[in-house]
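Asker: Mind having a look at this structure? Questions to follow.
We did not get these values from a lab; they are worked out from the coordinates using the rules stated. Everything numeric here is computed off the predicted structure, so don't read it as measured data. Note: ideal-geometry Cβ built from the backbone for every residue, glycine included; neighbour counts use all protein chains shown.
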Amino acid sequence: MDAANPASPDAGASADNGRITPMMEQYVEIKTANPDCLLFYRMGDFYEMFFEDAEVASRALGIVLTKRGKHLGKDIPMCGVPIERSDEYLHKLIAQGHRVAVCEQTE
């Protein structure tokens, strides 16, 4: 994880020098523990990916790359897939040689 690169998370800071949201803090913690995997992170009816994972997955899956909030003054890249189609997208990523970790959101 590289704090100087907005495509990589840093759990300690946000754009306004405050803490990142609890959800994003949990995402960063899990991603840090699984740096060699794309992290499918459950958010309601979607699995979402952030930072560099979102950039990689959006290219690999041909889905839209968007943004969610800011980190260190820069937009956080984000993409997501609906839960009902997640198996299809997981198989596609794995077939392309990506390792994927799946996380159900906890509160």
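Asker: Would you mind calculating the gained length between L65 and Q96 on full extension (0.36 nm times residue separation, minus the Cα-Cα distance), in nm to one decimal? It would help to have the intermediate numbers written out before the result.
Answerer: Numbers: separation 31, 0.36 × 31 = 11.16 nm, distance 1.87 nm.
Taking 0.36 nm per residue and subtracting the Cα distance, the gain is 9.3 nm.
Asker: Classify segment 41-107: rounded, prolate or oblate, from the alpha-carbon gyration tensor (a ≥ b ≥ c, eigenvalue square roots; a/c under 1.5 rounded; otherwise prolate if a/b is larger than b/c)? Spell out each step's value before the answer.
Answerer: On the way: a/c = 1.90, a/b = 1.30, b/c = 1.46.
Since a/c reaches 1.5 but b/c is at least a/b, the shape of segment 41-107 is classed as oblate.
Asker: If contacts are Cα pairs under 8 angstrom and at least 6 residues apart, what is the relative contact order of segment 36-103 in percent? Display every interim value, and only then the final one.
Answerer: Values: 106 pairs, mean separation 27.8, N = 68.
Reported relative contact order: 41 percent.
Asker: From the backbone phi of segment 83-94, what are the Karplus-calculated ³J(HN,Hα) couplings (6.51 cos²θ - 1.76 cosθ + 1.60, θ = phi - 60°) in whole Hz, Gly and Pro given as x?
Answerer: Running phi through 6.51 cos²θ - 1.76 cosθ + 1.60 with θ = phi - 60° gives 4, 5, 10, 4, 4, 4, 5, 4, 4, 5, 5, 5 Hz.
Asker: Going by average Cβ density within 10 Å per residue, which order do the peptides 68-76, 91-99 take, highest to lowest? Provide the component values of the computation, followed by the final result.
Answerer: On the way: 68-76: 16.1, 91-99: 12.3.
Peptide ranking by packing, descending: 68-76, 91-99.
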